[in-house]
There are 2 protein chains.
Amino acid sequence: MLGTGTVGRTIAAKLAEIGHGPVIGSRDPVAALAVTERARPDVETLGEWHAQNEAIPVATFSDAAAHGEALVNATNGAGSLSALELAGAANLAGKVLIDISNPLDFSKGFPPTLFVANDDSLGEQIQRAFPALKVVKTLNTVTASIMVDPGSLTGGDHTLFLSGDDPGAKEQVTTWLRGWFGWRDVIDLGDITTARGVEMYLPLWVRLLGALGSPKLNVRVVR
Amino acid sequence: MLGTGTVGRTIAAKLAEIGHGPVIGSRDPVAALAVTERARPDVETLGEWHAQNEAIPVATFSDAAAHGEALVNATNGAGSLSALELAGAANLAGKVLIDISNPLDFSKGFPPTLFVANDDSLGEQIQRAFPALKVVKTLNTVTASIMVDPGSLTGGDHTLFLSGDDPGAKEQVTTWLRGWFGWRDVIDLGDITTARGVEMYLPLWVRLLGALGSPKLNVRVVR
């Protein structure tokens, strides 16, 4: 698991709960665990969270990537490429990366814009930077609690998308999404360029968040 | 009705069917009606269509706009601003414009990119260019046949979005969408800047079209 935020914590906790041995990777695990002030009042510090999840090690990006059979990119979109560089190309080669990141740019306030869009995507940037990695973009269109428990929203009757160049990796990820979390409706959009579609959906998602007042939302593709 | 394509024809035919008196506006109605070659084998020429819909006049943009109590922008996104200029600001002032256009750029092939996105939108460009017009962006997220008959897709259990600066215009349009076409789930996203969200959804829509093989699709917002 690359990334110590809510997404990384939520997925790692779920994987530990169902008997896997996740390791969370951080840019600087010692410093990250030593932070005592909450960034937001409702979000625990990493140290507070770790005290309740002691079985999940918090390591460097490199150690977490070396440990993982499968990798999850749960870093901030703006930091994803540098996190993967720190993880080290040799620790990534040949592995599946579930890429949850979104290229959100909050520098102009809320709602955010995207720092890459239209004729490129963050998923493609990652795939180009690490050609030996099997990037599968998914889960980036829902909030963390729904990623690991789609059934918590109207019984799970809604849709998740997949983008990636490696058919075997997409098949594997689909099996995990169903088995680990209970996703039922998973649509394979095509190669990694289709990540443009799901990343460009985020500007609609953030406005639905604004209009509905809760991140507990998703779309069901009706067809 | 501004625009003689499938969207304009489909909505005009539906409005005529339910007893309204739509007029379709074209850049050059005489030339448009004289075209004898189909652009696509499965799409009738405007003349063929008009022969079956004689009660619906095909006029200039300006005459159509002068005629309409309410206006619909069903032009190609790339031609929308010039169509509205030809319609004439005086014919637009104070009226509601249902803006269905999408800023699709096919110059690099399929799937298209967007010629405006991220920190602006076509809906906003239109609103800025014609401040006395009450622009309500909607219907741009579904194919023409579903716009006028949402019930034709799984009984109508899916969602439409609204964006616009004028609350009264949005209320009026919502009443029309329900009464004319039978839309049930209409979400008001907020002011016209939220058009960025629905326009940036199109890159996902075109990839869903590719993955599912049919434009008869929509999303239901599950919350």
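Structure above, values below:
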item: 222 nm mean residue ellipticity, helices alone, for the protein assembly as shown (DSSP H n ≥ 4; -39,500 (n - 2.57); rounded to 500); result: -10000 deg cm²/dmol
item: Low-density loop cleavage sites - GluC sites (Glu not before Pro) in the stretch B:1-48, where at most 13 other Cβ are within 10 Å (DSSP); result: B:Glu37
item: Links that overshoot a 22 Å alpha carbon limit, given the list A:Lys14/A:Lys216; B:Lys108/B:Lys137; A:Lys14/A:Lys108; B:Lys95/B:Lys137; result: B:Lys108/B:Lys137; A:Lys14/A:Lys108
item: A:Gly25 long-range amide H proximity, modeled H, under 5 Å; result: A:Leu2, A:Gly3, A:Ala59
item: Shielding by other protein chains, A:109-118, mean Cβ within 10 Å; result: 3
item: Inter-label distance for B:Thr36 and A:Phe106, nm, one decimal - labels placed 7 Å from Cα along Cα-to-Cβ; result: 6.4
item: Charged-residue dipole, Cβ positions (Lys, Arg, Asp, Glu), the protein assembly as shown about Cα centre, Debye nearest 20; result: 440
item: 10 Å Cβ neighbours from other chains, averaged over peptide A:203-214; result: 6
item: The stretch B:25-125 pair-distance distribution - Cα-Cα, 10 Å bins, rounded %; result: 14, 38, 36, 13, 0
item: Alpha carbon centroid spacing (whole Å) that separates the stretch A:89-130 from the stretch A:140-184; result: 19
item: Binned Cα-Cα distance frequencies in the stretch B:9-60 - 5 Å width, integer %; result: 4, 20, 30, 25, 15, 5, 1
item: For the protein assembly as shown, alpha-carbon Rg and Dmax in angstrom; result: 24.2, 76
item: At R0 = 25 Å, FRET efficiency that the Cβ-Cβ distance of B:Ile18 and A:Asp185 yields, to 0.05; result: 0.10
item: Stokes-Einstein D in µm²/s, Kirkwood radius over Cα pairs - chain B at 25 °C with 0.890 mPa s viscosity; result: 139
item: Average projection area in nm² (convex hull over Cα atoms of the stretch A:86-140, one quarter of hull surface); result: 4.5
item: Förster radius 60 Å - calculated FRET efficiency between A:His67 and B:Thr154 (Cβ-Cβ, nearest 0.05); result: 0.85
item: Highest-MSF residue in chain A out of A:Arg27, A:Arg178, A:Arg38 [GNM, Cα springs under 10 Å]; result: A:Arg38
item: Mean Kyte hydropathy of -1.0 or more with a Cα span along the axis of at least 30 Å, helices from DSSP in chain A; result: none
item: Equivalent ellipsoid, the stretch B:121-195 (semi-axes from 5 times Cα gyration tensor eigenvalues, Å); result: 23, 12, 10
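Read-outs throughout are calculated quantities, based only on the coordinates presented, and are distinct from any laboratory measurement. These numbers come from a predicted model, not from an experiment. Glycine gets a Cβ as well: all are built from the backbone with ideal geometry, and neighbour counts include every protein chain shown.
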